[in-house]
1. Let me check something: with ligands and nucleic acids excluded, how do Ser86, Ser55 order by accessible area (1.4 Å probe), largest to smallest?
2. If I model a spin label as a point 7 Å beyond the Cα along the Cα-Cβ vector, how far apart are those points for Val47 and Ile8 in nm?
3. Direction-averaged shadow area of the convex hull around the Cα atoms of the stretch 42-89, nm²?
4. At 0.36 nm per residue, and after removing the present C-alpha to C-alpha distance, how many nm does the segment from Asp70 to Glu87 gain when stretched out fully?
Amino acid sequence: MGPLRLIILAILLYIGYRLIRKSLQGNNQAAESESSGKTDDPRITDVLVECPVCSKLTPKQQAIVVQENDQEIYLCSEKCCREYTSEKGEE
Ligand SMILES: [Zn+2]
């Protein structure tokens, strides 16, 4: 009686669950579900920001951030970033 027994039970249940799932899915999908480590944090990649230059929606993680008047401006690419900063900077 103790926490170790619960852990062993949980592991056994997990293994059983996986075996059942694998046999239900078949062989073709099993390999794909194993390699699910592409997105680091789905919460961050889900957020889309609009590029003020070309109005394209870009994932926040990939966007280029420009700080302006305590506000963060997100641009889709370096090209748009240059366009944006030259628009604002040259007076
Ligand atoms: Zn853009």
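The values are calculated or read from the model by the stated rules, or taken from the named source; none is laboratory data. Everything quoted here is computed from the prediction, not taken from an experiment. Don't worry about glycine lacking a Cβ; one is built from the backbone with ideal geometry, like all the others, and counts go over all protein chains shown. Surface accessibility is based on the protein's heavy atoms, side chains included, excluding ligands, DNA and RNA. Shrake-Rupley method; radii C 1.70, N 1.55, O 1.52, S 1.80 Å.
1. Working: Ser86 50, Ser55 70 Å².
Putting Ser86, Ser55 in descending order of accessible area: Ser55, Ser86.
2. 4.6
3. If you wrap the Cα atoms of the stretch 42-89 in a convex hull and average its projections, you get 3.2 nm².
4. 4.3 nm
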